[in-house]
1. Of the numbered conditions (1) touching a strand residue (DSSP E or B) at 6+ places or on another chain (Cβ under 7 Å); (2) surrounded by 22 or more Cβ atoms within 10 Å (Cβ to Cβ), Glu43 satisfies every one except a single condition; which is it?
2. Would you pick out the residues in region 58-84 that are over 18 Å from Ala210 (Cβ atoms) and out of contact with any Phe, Trp or Tyr (no Cβ under 8 Å at 6 or more places or on another chain)?
3. Output yes when any residue across region 21-34 is surrounded by fewer than 17 Cβ atoms within 10 Å (Cβ to Cβ) and farther than 27 Å from Thr120 by Cβ, and no when none is.
4. If I ask for residues that are assigned to a strand (DSSP E or B) and either surrounded by fewer than 20 Cβ atoms within 10 Å (Cβ to Cβ) or not basic (Lys, Arg) (or both), which ones from region 63-83 would you list?
5. Condition first: under 24 Å from Pro72 (Cβ atoms), free of Cβ contacts under 8 Å to residues at least 60 places away in the same chain and either aliphatic (A, V, I, L, M) or part of a loop (DSSP other than H, G, I, E, B) (or both). Now tell me which residues in region 15-42 satisfy that.
Amino acid sequence: MIRIFNGASRDHHARELSEMFRLRKMVFHDLLGWDVTVDGDWEIDGYDRANPIYVLSYAPNGRLRGALRLLPTLGPNMLDDTFPVLLGGNPEIRSASVWESSRFCIDPEISQDRASNQVTIAAAELMCGVGELGLASNLSHIVTVTDVFLERMFRRMGCPGERIGEPQRIGSVHAVAIAWEISQELLDRMKAVAAIADTVLAEPMSLEMARAA
């Protein structure tokens, strides 16, 4: 199940967002060793102050199993403002119909359980949640900065996307910028790969509704 929160609702959803920031620290700082900003047991950066939309995947028992962050490209975003080298010389992406996905992460205990399909479910739910939000919001594309490992996982999920520029070595990873065209066809393909029959959102939602919640 996917639940949606906005950055301005931190006081009203303190427990859920705290769990997400702790998961991000566990994944990006503790496990992957990325050069990220840590505040106690949270991984949190300046983009979290830009009123992003948070997309959280929960297991049936209520456990948080994955999360990602969405930001409009008309405002501060990682691709244009932190990693423009990944644009490969292309112009900045600034459009009301294009949003950026970042901080995609899955609970390490789930992702390391190779005998389980939960990692596929969590990752697919997150991507399908973004697809459903994008369609409800009339978005044309989602862009993201990721690494080539996750790029391969996206391909296996049926959503390969298109590279904006060539991969670049950034810190300890080979990073790449990817764009996905939002379409019903893409959403249907991802759901078919993951055997998801129904909506993944806990309630019907658009980005406009999520930002106003």
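Coordinate-derived values only; no laboratory data. Quick caveat: nothing in here was measured; it's all calculated off a predicted structure. Cβ sites come from the backbone with ideal geometry, for glycine too, and all protein chains shown count toward neighbours.
1. Just one mismatch for Glu43, condition (1).
2. Within region 58-84, Ala59, Pro60, Asn61, Gly62, Arg63, Leu79, Asp80, Asp81, Thr82, Phe83, Pro84 qualify.
3. No, there is no match, as no residue in region 21-34 is surrounded by fewer than 17 Cβ atoms within 10 Å (Cβ to Cβ) and farther than 27 Å from Thr120 by Cβ.
4. Of the residues in region 63-83, the ones assigned to a strand (DSSP E or B) are 64-72.
Result: Leu64, Gly66, Ala67, Leu68, Leu70, Leu71, Pro72.
5. Residues satisfying the conditions are Leu17, Met20, Val36, Thr37.
For (1) closer than 17 Å to Ala213 by Cα; (2) of a type in the set (Ser, Thr, Tyr); (3) in contact with a Lys or Arg (Cβ under 8 Å, 6 or more places away or on another chain), each residue gets a yes or a no:
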position	(1), (2), (3)
Gly7	yes, no, yes
His12	yes, no, no
Asp30	no, no, no
Trp42	no, no, yes
Gly46	no, no, no
